[in-house]
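The values are calculated or read from the model by the stated rules, or taken from the named source; none is laboratory data. The shown structure was predicted, so the numbers you read here are calculated from the model rather than taken from an experiment. For neighbour counting, all protein chains shown are included, and Cβ atoms are generated from backbone atoms with ideal geometry for every residue, glycine included. Only protein heavy atoms, including side chains, enter the accessible area calculation; ligands, DNA and RNA are left aside. Shrake-Rupley method; radii C 1.70, N 1.55, O 1.52, S 1.80 Å.
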Amino acid sequence: MHKLNKKIGDYGEKIAVRYLKKLGYIIRNKNYRCSLGELDIIAQYKSCITFTEVKARYNDTYGFPVEAVDYRKRLKIHNAAKHYI
């Protein structure tokens with residue numbers, strides 16, 4: 001099951017990158033890791049840097065992707081983003 005989840009996650013990230021590029025973003029980094037967490041996509045549009053968390057699901061058995069980004073996950077993203085900057 002882990003391999004399937006990884007494939008779905010990779011596919012979701014690929015779609016997200018394609019979408020951001022289509023909107024004019026420059027992809028600065030993917031799967032950035034530090035001691036504080038991981039950032040799926042770091043992109044830039046003009047002078048704005050964005051940090052994108054990608055959640056892809058095969059179905060909604062375990063809930064919707066947005067439900068997986070709770071307060072603790074947002075805090076990890078925030079801290080990793082501060083580290084990156």
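Distance cut-off 18 Å, Cα to Cα: go down the list LYS21/LYS73; LYS21/LYS46; LYS22/LYS82; LYS55/LYS82; LYS22/LYS73; LYS46/LYS76 and report the pairs above it. Where the Cα-Cα span goes over 18 Å, the pairs concerned are LYS21/LYS73; LYS22/LYS82; LYS55/LYS82; LYS22/LYS73; LYS46/LYS76. The H on the amide N of LEU36, modeled in the peptide plane, is under 5 Å from the matching H of no residue at least 5 residues off or on a different chain. Counting only residues at least eight positions apart within a chain, or on another chain, the aspartates and glutamates with an alpha carbon under 19 Å from that of LYS7 are GLU38, ASP40, GLU53, ASP60.
With contributions of -39500 (n - 2.57) from each DSSP H run of at least four residues, the per-residue ellipticity at 222 nm computed over the chain stands at -14000 deg cm²/dmol. Rounded if a/c is under 1.5, else prolate if a/b is larger than b/c, else oblate: which is the chain, with a ≥ b ≥ c the root eigenvalues of its Cα gyration tensor? In terms of gyration-tensor shape, oblate. How would you classify the stretch 1-43 from its alpha-carbon gyration tensor, with a ≥ b ≥ c the square roots of the eigenvalues: rounded for a/c under 1.5, else prolate if a/b is greater than b/c, otherwise oblate? Oblate, since a/c reaches 1.5 and b/c is not below a/b. For the residues LYS82, LYS46, a 1.4 Å probe over the protein chains yields an accessible-area ranking, largest first, of LYS46, LYS82.
Between amide H atoms placed 1.01 Å from N, distances below 5 Å from ARG28 occur with ILE42, ALA43, GLN44, all of them 5 or more places distant or on a separate chain. The relative contact order of the chain comes to 26 percent, based on Cα pairs under 8 Å that sit 6 or more residues apart. Rounded to the nearest 10 degrees, the inclination of helix 2-22 to the longest alpha-carbon principal axis of the chain is 40 degrees. Per-residue 3J(HN,Hα) values for the stretch 29-40, derived from phi via the Karplus relation 6.51 cos²θ - 1.76 cosθ + 1.60 with θ = phi - 60°, read 6, 10, 6, 5, 10, 9, 5, 9, x, 10, 10, 5 Hz in sequence order (x marks Gly and Pro). Here the dipole of the chain is about 260 debye; that uses its Cα centre as origin and unit charges on the Cβ of Lys and Arg (positive) and Asp and Glu (negative).
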